[in-house]
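As C-alpha cells, the structure follows; a few thoughts come after it.
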Amino acid sequence: MHRPLDWKDIGQLTDIPVQGARRVEHPAGRIAVFRTIDDQVFALRDECPHKKGPLSEGIVHGHAVTCPLHNWVIDLATGEATGPDEGCTGHIPVRVEGGRVLLGLVG
Amino acid sequence: MTTNHSSPPDGAPKPRLVVIGNGMAGIRAVEELLDRAPGLYDISVFGAEPRVNYNRIMLSPLLSGEKTFDQIVINDRDWYSDNGITLYAGDAVEMIDRQRQVVIATSGLECPYDRLLIATGSMPIVIPIPGARLPGVVTFRDVDDVDAMLAASAKGGHAVVIGGGLLGLEAAVGLKARGMDVTVLHLAGHLMERQLDASAGHLLAKELERRGLSVLTAADTAAILGESHVTGVALKDGRELPADLVVMAVGIRPDTRLAAAAGLEVGRGILVDDHMVTNDPAIMAVGECVQHRGSCYGLVQPLFEMAKVLADHLAGRKGAGYAGSVTSTKLKVTGVDVFSAGDFSGGPGTEDIVFRDAGRGIYKRIVLEEGRIKGAVLYGDTGDGGWYFQLLKAGEDVSPLRDTLIFGQGFAPSEGGAANPTAAVAALPDTAEICGCNGVCKGTIVKAINEKGLTTLDAVKACTKASASCGSCTGLVEGLLAHTLGGDYQAAGVKPMCKCTDHDHDSVRRLIRVQGLKSIPDVMQALEWKTPDGCHSCRPALNYYLLASWPGEYVDHAASRFVNERVHANIQKDGTYSVVPRMWGGLTNASELRAIADVVEKFDIPTVKVTGGQRIDLLGVKKDDLPAVWADLNAAGMVSGHAYGKSLRTVKTCVGSDWCRFGTQKSLEVGVNLERMTWGSWTPHKFKMAVSGCPRNCAEATIKDFGVIATDGGFDLLVGGNGGIKLRGTDLLAKVTTEEEVQEYCAAFMQLYREEAHYLERTAPWIERVGLDFVKARVVDDAENRRALHERFLASQRHAQVDPWAERAPGTAAAARDFRTLATVE
C-alpha cells in the first residue's frame, strides 16, 4: 500500500532563518524544518535518535544539524546519525514552491 | 509471567534465561550472548539496586565528583527494551527453587527459568567490632554507599577509612576531594600490600600525606565509638580518632547466600567448572561470586573473560573454556600512578631488577624467574605496565631484553629499532590486549580505525569500548591512532580547532586581528576553511573571537551560537528551559521574590531551586512561554542572569561588615559593584566571581575565576579557581588596598582572559597553560598595560550591557521568529 503524500503549506521560506530551523506541530510528533546555508530546506522528526533532544535547536552546518543535548550530528537528508553514532530519526519530504514551504505528509 | 516477547518461527517458545544480578559481570555476559546469538533466549534480569546497569569501577570518580551517575551508566533502560530484556530493578531474588525451576523475588514475583545465571557479585566485609552497625558507618560498594558518603561529606568533619587497599584509598582520596579530613587506617605494615611491595607502598603513603591525608599503618581497629551516630574510632593500642564518617573497605567476600540456600556446591565462592557451570547443569555463575579452580576474583578483567566463556556456552559453542586469569591492577586516583601485576613476593629462585628516581618519585621493580617476568610493580611511571603485563602473560623469555627491560618498551631492541612509544605499540602483535577492562585487543582497534575511519580517542572509545572503562590504556590507544593514521593523527599539543581547518585557536585569533577579518564567512574564506559553513565546534568559537576582537562593530551571529545563548535560557534534558533572573551580588528583596512567585504560579513552573551562585533557578519553562516569563520579570526590574552563557555568571558574596561580626570590608557592596561592571560580557567560557568579607571566606572565593577576599588592610585578589570536575584552588594575583583597584584589576584580568584564552577554556586550564607569571606580567607588573586592558574591557561593555530578555519582549519580531512555533498541521 502506498498512499499519496498530502502536501501541507507551513509558511514562507523566509520565515526560517538561514542556518537555522523552526518547529511545526503535528499529531504524530513535532517536526523540525531546517534551512541550510545554500537555501535548501529539510524536515526531520524533532527528536534526536539518541536521547530525543530537540534537533530544531541545534546548530545547522552543511547539510547536518548537531543535537544540542549531546552533540550527535544528524544528516538532514536522511535523518541518520553520522560519525561513530548509530541511529536514525524520520525525515519528511519537503518542497519549496514560489517561496512557500510544503511538507509531504502521509494523508 | 509475561516475558515472552516473540517466538521462533517454528512456534516453539524460546528457552528462558534468568539472570540474578544486574551488575558488571551478569550484564556483560548477556551482552556477549546477544553478540553471539541475538534472540536465542527470552531474558529476564533481576537487580537488587533500583537502577540500570552501571560501571562499578567508576564509583571512585563518582565520589570525587569527576563523573556523574549518567556518565557511568553502561546500559540505559532503552538498551533493555531494545533487546527484549525484562528488567526487574530493585526487586531482589530471595530464593531459587531448583525443583520447580523458578526464582522468587522479594515482591513475591515468581519467574521460571530453563537456564539460570547467578551473578550476585560480592559483599563488602564488615569487621565484627563494637559499633560496626552504627549510623555513619558505611561500606564502599554501590551508588547508595557513594550517596551516603556524599551526604556525610557535605557536612565536612572527619572521615576514617578502615582499609588501605585499592578501594579504601580511592574512597579516602574521594572524601578528601569532597573537603573532609581523612585518616586511613591499615592493618598491614604498608599500603596495598596485596598489590605493592613495601617500597612502592611507602612512596604511595608519602604522596597521600602530601595531599593532606593521614595514613596510619599497622593500625588495628578495636571499636567504633558513638551512641546514636559514630563519633570516633578506637585502636587496639589505645589511640582514639574523632570521626563523623567511617568507611569500611577491608575487602569483599563472594555473595553465595542464594546459591548455598539452594543447595549448590559452595566453597569461598560458588563452585564452577571451566564453562562457568555449577553442579546443577541448568545453573551457571559468573563474576565475583564464583570460585574457579580454587580462585576468586575481585577485578573487572577476569569477570569479562568469564562472561565470554559463559556466552559461548549459552550460545551452544564449545570453546576452550576458562583457564583462570593473571591479573594486573591500577589505582584509580588522579595523579597517582600505581601499577602491579603477577607475583612480586620474590623468594628463592627469583631475581629483582629495580629502578629508582627519587627526584621524580619513580620506582619500578620487575621480578624475574628463569628469565621470565613473574611480577611487576610500578610507581610514578606506569606507562610500560601494559607491556610488562603482556610479556608476563605470554611467559616469554626476556633474557635478550634484560639490559634495558627496566627502562620500558621504548628502549627494547626490536626489528625496527623501536625507540619511541608509537613504534613500541606498532611492535605489538594484533592479539595483544590493549584494554584489560574490556578485553579489547590491538587488532580490533586497528580494524575499527581503518574501517570506520576513526581519527580521535573518543571515536575509538565509542566504537570499541577500548579505554572507556578505567582509562588507564589511553596512552596505548593514542599510540595506535598515531601509528595507524600516521601524519593524519593530531595528538595533543598544537591541534586544529576542528576538522574544518588546519589552523589552531591561537593562529585563528591572531589572523582575525592581523587581517582585519570581520565576519564568519570572511574568516572561512581567508583561512581556507574545508567545509562550507563550519561545524558546531568552530562556528561558536569564531563568533566569540570576532565579538571579542571587534566590539561594537561585529554583529553577533545567532545561528552560530549554542541554543542556550540563542534563546537566553538553559536547555534541559526534556527540551524545556530554565530561567535565572540576575540578583546583583546575590541580593534580592520582597518585590522581586513576589514577582518570581507570581511567574512560577502563572506559568505553572514545576521546579524552583536556589543555585550554587546564589540565584533562583526556575526549571521546566516551555520555550513558547519564555518571552512572557521574561516580560513579567523585567517588569519587576530584573534582567537576564546569563546563567546559560559563556559569559559573566554570578558574583557570590557574603554579607561582610554590613552584618557579620567578623566582616572586615563591605563585601556586599564590592560584589554588587563588580557585577554591575562585568554583567553582560561574553567570555571564552563561563566566568564566576565571589567576594568574601574576611579570610573565613564564606563566599568560597578560592574556587572562582576571580575571587576577592577582604583583609584588614585591603583585598586579596585571586584568580584561576575552579570547583568543577577538576578542583583547582585560586592563585594569588595581587594584594590591593582600595575598591577602585579591585575593579581595575578585575576588568584587566577578565579582558586578558577574553583576549588570550581559547574558546571553551576556563581560567583554570588557561592559567595552567600560559602560567601565572604571564598573567602577572600583564596585569600586575605593568600598570600601563593594566589600565589599557581595563579601558578595553569597559569599551567592550558599552556594547554588551543590553538586557537580552528585554530585546526579545513579547510582540517583537525576535520573539515571534525565535520562540513561536511556525505552523500546526493535521
- Task: Hey, can you tell me all the residues within segment B:591-611 that are surrounded by fewer than 17 Cβ atoms within 10 Å (Cβ to Cβ) and either of a type in the set (A, V, I, L, M, F, W, C) or within 16 Å of B:LYS622 (Cα to Cα) (or both)?
- Result: B:LEU593, B:ALA597, B:GLU601, B:LYS602, B:ASP604, B:PRO606, B:THR607, B:VAL608, B:VAL610
- Could you please find all residues in segment A:56-79 being among the aliphatic types (A, V, I, L, M), facing chain B (nearest Cβ under 10 Å) and buried (at least 24 other Cβ atoms within 10 Å of the Cβ)? A:ILE59, A:VAL60, A:VAL65
- Restricting attention to segment B:243-256, report how many residues are farther than 15 Å from B:ALA219 by Cβ and assigned to a strand (DSSP E or B). 4
- Message: Checking the structure you have, find out if any residue of segment B:589-600 is away from chain A (no Cβ under 14 Å), outside any helix (DSSP H, G or I), on the phi < 0 side of the Ramachandran plot and in contact (Cβ under 8 Å) with a residue 40 or more places away in the chain.
- Response: no
- Go through segment A:83-93 and count every residue that is surrounded by 18 or more Cβ atoms within 10 Å (Cβ to Cβ), within 14 Å of chain B (Cβ to nearest Cβ) and not in a loop (DSSP other than H, G, I, E, B). 1
- Task: Give the residues of segment B:557-581 that are buried (at least 23 other Cβ atoms within 10 Å of the Cβ) and more than 18 Å from B:ARG820 (Cα to Cα), sorted by residue number.
- Result: B:SER560, B:VAL580, B:PRO581
- Message: Suppose we filter segment B:313-342 for residues that are surrounded by 15 or more Cβ atoms within 10 Å (Cβ to Cβ) and free of Cβ contacts under 8 Å to residues at least 40 places away in the same chain; how many remain?
- Response: 3
- Message: Checking B:PRO128 against (1) assigned by TED's automatic domain parsing to the domain that holds B:ILE270; (2) surrounded by fewer than 17 Cβ atoms within 10 Å (Cβ to Cβ); (3) not β-branched (Val, Ile, Thr), only one condition comes out false. Which one?
- Response: (1)
- Query: Are any residues in segment A:12-40 closer than 15 Å to A:LEU105 by Cβ and out of contact with any helix residue (DSSP H, G or I) (no Cβ under 7 Å at 6 or more places or on another chain), and if so, which ones?
  - Reply: A:VAL24, A:GLU25, A:HIS26, A:PRO27, A:ALA28, A:GLY29, A:ARG30, A:ILE31, A:VAL33
- Task: Please tell me if B:LEU732 is within 30 Å of B:ARG178 (Cβ to Cβ) and either within 32 Å of the chain's Cα centre (by Cα) or modelled with pLDDT under 95 (or both).
- Result: yes
- Message: Between a residue in segment B:164-182 that is under 9 Å from B:LEU213 (Cα atoms) and any residue that is in a helix (DSSP H, G or I) and charged (D, E, K, R), which pairs come within a Cβ distance under 6 Å, given they are 6 or more apart or on different chains?
- Response: B:VAL182/B:LYS176
- Message: I need the helices (runs of 4 or more DSSP H) fully contained in segment B:494-560, keeping only those with at least 2 residues that are closer than 17 Å to B:SER647 by Cα.
- Response: B:538-549
- Say whether the condition of being in a loop (DSSP other than H, G, I, E, B), outside the structural domain of B:GLY721 (by TED's automatic domain parsing) and in contact (Cβ under 8 Å) with a residue 12 or more places away in the chain is met by at least one residue in segment B:620-633. yes
- Look at segment B:266-297 and say how many of its residues are modelled with pLDDT under 90 and touching a helix residue (DSSP H, G or I) at 6+ places or on another chain (Cβ under 9 Å). 2
- Among strands (runs of 3 or more DSSP E) entirely within segment B:315-384, at least 2 residues that are closer than 13 Å to B:ASP197 by Cα and touching a Lys or Arg at 6+ places or on another chain (Cβ under 7 Å) occur in B:338-342, B:350-357, B:362-369, B:372-379
- For A:TRP7, the lone unmet condition from (1) outside any strand (DSSP E or B); (2) modelled with pLDDT under 95; (3) within 11 Å of another protein chain (Cβ to nearest Cβ) is (1)
- Residues being in contact with a helix residue (DSSP H, G or I) (Cβ under 8 Å, 6 or more places away or on another chain) and not aliphatic (A, V, I, L, M) - total across segment B:532-564: 15
- Exclusive hit being surrounded by 15 or more Cβ atoms within 10 Å (Cβ to Cβ), of a type in the set (Phe, Trp, Tyr) and within 24 Å of B:ARG253 (Cβ to Cβ), set B:TYR41, B:TYR54, B:TYR80, B:TYR113: B:TYR54
- Kindly indicate whether any position in segment B:712-726 is of a type in the set (A, V, I, L, M), modelled with pLDDT of 95 or more and surrounded by fewer than 23 Cβ atoms within 10 Å (Cβ to Cβ). no
- When only residues in segment B:153-205 that are out of contact with any strand residue (DSSP E or B) (no Cβ under 6 Å at 6 or more places or on another chain) and closer than 18 Å to B:GLU240 by Cβ count, which is surrounded by the most Cβ atoms within 10 Å (Cβ to Cβ)? B:HIS186
- Is it the case that B:GLN99 is without any contact (Cβ under 8 Å) to a residue 40 or more places away in the chain and assigned to a loop (DSSP other than H, G, I, E, B)? yes
- Note on the structure: So, first residue within 12 Å of B:LEU314 (Cβ to Cβ) in segment B:25-43, second residue among the basic types (Lys, Arg) and assigned to a helix (DSSP H, G or I), Cβ within less than 7 Å, six or more apart or across chains; the pairs are B:GLU32/B:LYS308
- Item | In segment B:567-576, the residues that are in contact with a strand residue (DSSP E or B) (Cβ under 9 Å, 6 or more places away or on another chain) and either over 13 Å from B:ARG808 (Cβ atoms) or facing chain A (nearest Cβ under 8 Å) (or both) | B:VAL567, B:ASN570, B:ILE571, B:GLN572, B:ASP574, B:THR576
- Return the total of residues in segment B:501-547 being within 14 Å of chain A (Cβ to nearest Cβ), of a type in the set (Lys, Arg) and loosely packed, with under 15 Cβ neighbours inside 10 Å. 1
- Query: Just for segment A:19-37: of the residues that are at the interface with another protein chain (Cβ under 7 Å from one of its Cβ atoms) and not in a strand (DSSP E or B), which one is surrounded by the fewest Cβ atoms within 10 Å (Cβ to Cβ)?
  - Reply: A:PRO27
- Where residues in segment B:768-811 are without any contact (Cβ under 8 Å) to a residue 12 or more places away in the chain, exposed (fewer than 14 other Cβ atoms within 10 Å of the Cβ) and assigned to a loop (DSSP other than H, G, I, E, B), which of them is farthest from the other protein chains (Cβ to nearest Cβ)? B:ASP781
- Query: If you take the residues of segment B:812-826 that are among the hydrophobic types (A, V, I, L, M, F, W, C) and touching a residue at least 12 places away in the same chain (Cβ under 8 Å), which of them is farthest from the other protein chains (Cβ to nearest Cβ)?
  - Reply: B:ALA815
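The values are calculated or read from the model by the stated rules, or taken from the named source; none is laboratory data. None of the values given here were measured: they were computed from a predicted structure. Here Cβ is always computed from backbone atoms with ideal geometry, including for glycine, and neighbour counts include all displayed protein chains.
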